[in-house]
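The values are calculated or read from the model by the stated rules, or taken from the named source; none is laboratory data. Quantities reported herein were computed from a predicted structural model and do not represent experimental measurements. In this analysis, Cβ positions are derived from the backbone assuming ideal geometry, glycine residues included, and neighbour counts consider all displayed protein chains. Keep in mind that these areas ignore ligands, DNA and RNA; they rest on the heavy atoms of the full protein, side chains included. Shrake-Rupley method; radii C 1.70, N 1.55, O 1.52, S 1.80 Å.
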Amino acid sequence: MTWPLTLAHSIPFGWGITGVDAVLDGNWLLAIGAVAGLLLLDVALVWAWQRLVLRHFEGRVSTSSGSTRKQTSEKGRDGATGWRATRVGAVVTRELSLWRGDMRRRSQLLSVLIFAVLAGIGPLVTDSIPFSAAWGAWIAIFMAMGAGSNSYGLDGGSMWHLVMIPQALPDDIRGRQIAWLMVATPFAVVPVLVVRVFGDLGLDRWEIPVAVTISMLGVSAGLTAVNSVRGAYPVPEATKSFSMNTRGSFTGNAFVFLILGIMVLAVSVVPALLLALLLPGAWAYLSIPVAVAIGWLGMWWGARMAVGTLVRDSDRILNSVVSR
C-alpha cells in the first residue's frame, strides 16, 4: 500500500473503510479499533455541538481580546507596541482577532479549508478530483475571496463609528486587506507545497504556481474590499441564535459582485500565467515580478474604489448591513 492510501486510511474520514478492509484481511483488532475510534469521535462531536448550541441559545459569547488588553493596560503593560500601535496595525490586530474569535467568520473559512485539503492532498490519493494545487491554489483562493467579501456586513450596525470618521477609511480598508491576506495565504501556500513536495512534479516549473498564487492573492485582497462595500448584506449578530444563517439576507447585488469578482480574478492571472508558460528557460521567472505588480495593482485599485464608495454612499451601506 502506498503512503497516500495509508494517509487516507489514517484520517477519521477513512476509518470506516479501514475497518472494512481490516475485516476482509482478518485483522479484527484493527477493525474494532477503527469502529471504536469513530464512535468516540461521534460522541465528542455531539458533545461539542451541544455546548455550541446551548451557548448560542443562552446568548453567551467568549470574552473579547479587547477586555484583556484593557486589563493589561490598567496594570501598566499595554501590548499595543510597534506596528500594532499604528492605525493600520490596530485594524489588522482587530480583524485577526475577529477571524479567530467570531464563529461566523470561522464558518466561512470552512469551505476554504475543505477545498485547500482537496486541492493539496486529494490529487495524491485519487485521480478523480478535477482540480489540483500543483499549478496554483486557485480554487482555495476563489473560496477565500468569497469568504472575505462581506466584512462590513459582519460588522453590522457597529460600522457607524467608521462612517463618522471618513479620515479613517483608507487605513481601515488597508488593514482589512492585510488581515485577509494573513488569513488566506496559508490556505493558498500549504496545498501548493504539499502537492509539489509529495507529488511527481517536485520543483518542475515552480514559477507557475508561485506567479499564479501571488497574483490571485493580491487581486483578491482588492476584490474583498470592493465587494464588502458594493455588495454588503446583513448578517445576524454573533450573540444571536443561529448567527451563521444568512438565509434571506444574501442579496442579488452581493451575488452579482461575487460573480464579477471571480471573473476579474480569472482574467487578472492571465498575463503572469502566459509569461510563465511561454517564456523559455530562466526568462519564465519574469512572471513572478509581473505577478507581484499585478497583485499590488489589484490591491491598490480595490482599496481606492472601496474608499470612494464608502465616502459617497456610507449611509446606504450602513443601512444595508443592519440586521433586521
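Okay, here's what the table says:
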item: Boolean, residue 176 is in contact (Cβ under 8 Å) with a residue 12 or more places away in the chain and in a helix (DSSP H, G or I); result: yes
item: Criterion (assigned to a helix (DSSP H, G or I) and at pLDDT below 85) met by exactly one of 169, 154; result: 154
item: Residue in segment 302-317 that is within 23 Å of residue 138 (Cα to Cα) and in a helix (DSSP H, G or I) present; result: yes
item: Residue, least open to solvent (accessible area, probe 1.4 Å), within segment 11-41, restricted to residues that are more than 19 Å from residue 117 (Cβ to Cβ) and in contact (Cβ under 8 Å) with a residue 24 or more places away in the chain; result: 37
item: Residues satisfying the stated conditions in segment 263-274, i.e. open to solvent by less than 60 Å² (accessible area, probe 1.4 Å) and among the hydrophobic types (A, V, I, L, M, F, W, C); result: 265, 266, 269, 272, 273
item: Matching entry among 215, 220 (being at pLDDT 70 or above, among the polar types (S, T, N, Q), within 19 Å of residue 98 (Cβ to Cβ) and touching a helix residue (DSSP H, G or I) at 6+ places or on another chain (Cβ under 8 Å)); result: 220
item: Any hit, segment 187-208, residues being in contact with a Pro (Cβ under 6 Å, 6 or more places away or on another chain) and not in a loop (DSSP other than H, G, I, E, B); result: yes
item: Criterion violated by residue 276 - all others in (1) modelled with pLDDT of 85 or more; (2) hydrophobic (A, V, I, L, M, F, W, C); (3) farther than 27 Å from residue 287 by Cα; (4) out of contact with any Gly (no Cβ under 7 Å at 6 or more places or on another chain) satisfied; result: (3)
item: Residue in segment 109-124 that is at pLDDT 80 or above and not in a helix (DSSP H, G or I) present; result: yes
item: Test: residue in segment 275-285 that is of a type in the set (Ser, Thr, Tyr), open to solvent by less than 40 Å² (accessible area, probe 1.4 Å) and either under 20 Å from residue 218 (Cβ atoms) or assigned to a helix (DSSP H, G or I) (or both); result: no
item: Test: residue in segment 54-75 that is farther than 30 Å from residue 126 by Cα, touching a Gly at 6+ places or on another chain (Cβ under 8 Å), at pLDDT below 60 and assigned to a loop (DSSP other than H, G, I, E, B); result: yes
item: Check on residue 148, crowded, with 16+ Cβ neighbours inside 10 Å, at pLDDT 85 or above and out of contact with any Lys or Arg (no Cβ under 7 Å at 6 or more places or on another chain); result: yes
item: Pair list, Cβ < 9 Å and 6+ apart or interchain, from segment 123-143 residues that are in contact (Cβ under 8 Å) with a residue 60 or more places away in the chain to residues that are of a type in the set (S, T, N, Q) and in a helix (DSSP H, G or I); result: 133/213; 136/213; 136/215; 137/213; 138/213; 141/213; 141/220; 142/220
item: Residues satisfying the stated conditions in segment 81-122, i.e. of a type in the set (A, V, I, L, M, F, W, C), free of Cβ contacts under 8 Å to residues at least 40 places away in the same chain and buried (at least 19 other Cβ atoms within 10 Å of the Cβ); result: 115, 118
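Okay, residues lined up against (1) modelled with pLDDT of 65 or more; (2) in a helix (DSSP H, G or I); (3) surrounded by fewer than 19 Cβ atoms within 10 Å (Cβ to Cβ); (4) not small (Gly, Ala, Ser):
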position: 229; (1), (2), (3), (4): yes, yes, no, yes
position: 237; (1), (2), (3), (4): yes, no, yes, yes
position: 244; (1), (2), (3), (4): no, no, yes, yes
position: 247; (1), (2), (3), (4): no, no, yes, yes
position: 259; (1), (2), (3), (4): yes, yes, yes, yes
